[in-house]
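Notes follow the structure.
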Amino acid sequence: MSKIGKINIVIPEKVKAVLSGNVLNIEGPLGKKSLNIDLEMFNLDVKEGKEISIKPKKVDQNSKRLWGMNRSLINNAIIGSSKGYEKTLELVGVGYRAALKGNQLNLQLGYSHDINFDIPEGIKITVEKQTTIKISGSDKQKVGSVVSELKTLRKIEPYKGKGVREKGQYILKKEGKKK
């Protein structure tokens, strides 16, 4: 039995979930999401628009593996369409700063040139201070991939800790050379 898969998903009042064929349509105040679900392998019950449960038709090694994953995907889509997801990045280093220019994020990360990052559709980026960037959106996977792309533009350097990092991320610092 899957520990995660057994838990029922509670649908908030603002969110509507409708199963039509193999596609589960989730619509909320922050966006829409469609998920394809293999109904040959799983039973999906939407109880009065307030709760969703997913159970495999026959329990074997393969269905156990996919059960918890499908439940998590549905849950993430519901949370994303009701509350949304948000991550915060910090720019650490002398002269490192960010600014919004139209539909682009302009980053100065210590290179000889500025980096212009195109903001994808469905993602909202705000620059609070020059060194703090907030990325928010309704799709957890999209928000995470944008954050990882921005982090790879200037990886954290292990001696001084300069670079682009998530808020609260632990950095293992190395000791410099000694005389």
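At a glance:
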item: Restricting region 91-168 to GluC sites (Glu not before Pro) in coil, as DSSP defines it, with at most 13 other Cβ within 10 Å; result: Glu121
item: Residue-by-residue Karplus 3J(HN,Hα) for region 164-169, coefficients 6.51, -1.76, 1.60, Hz, glycine and proline x; result: 9, 9, 6, 5, x, 6
item: Residue range of the chain that is longest and free of chymotrypsin sites (Phe, Trp or Tyr not before Pro) which are both DSSP loop and sparsely packed (at most 15 other C-beta within 10 Å); result: 1-110
item: Structure-based [θ]222 nm, the chain - -39500 (n - 2.57) summed over DSSP H runs of at least 4, per residue, nearest 500; result: -7000 deg cm²/dmol
item: Potential extension, Gln130-Ser148 segment - 0.36 nm per residue separation minus Cα distance; result: 4.6 nm
item: Portion, in percent, of the accessible area of the chain that falls on carbon or sulfur, probe 1.4 Å; result: 49 percent
item: Euclidean distance of C-alpha centroids, region 1-45 and region 109-162, integer Å; result: 31 Å
item: Stretchable slack from Glu48 to Glu86, in nm (0.36 nm times residue separation minus alpha-carbon distance); result: 10.7 nm
item: Per residue accessible area of region 1-90, 1.4 Å probe, in Å²; result: 62 Å²
item: Prolate/oblate/rounded call for region 67-179, Cα gyration tensor, a/c under 1.5 rounded; result: oblate
item: Inter-label distance for Lys14 and Asn116, nm, one decimal - labels placed 7 Å from Cα along Cα-to-Cβ; result: 3.5 nm
item: Shape category assigned to region 1-40 from the gyration tensor of Cα positions, a/c cut at 1.5; result: oblate
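The values are calculated or read from the model by the stated rules, or taken from the named source; none is laboratory data. As the structure is a computational prediction, the values presented were derived from the model and not from experiment. For neighbour counting, all protein chains shown are included, and Cβ atoms are generated from backbone atoms with ideal geometry for every residue, glycine included. Each accessible area value is taken on the protein alone, full model and side chains, heavy atoms only, with ligands, DNA and RNA left out. Shrake-Rupley method; radii C 1.70, N 1.55, O 1.52, S 1.80 Å.
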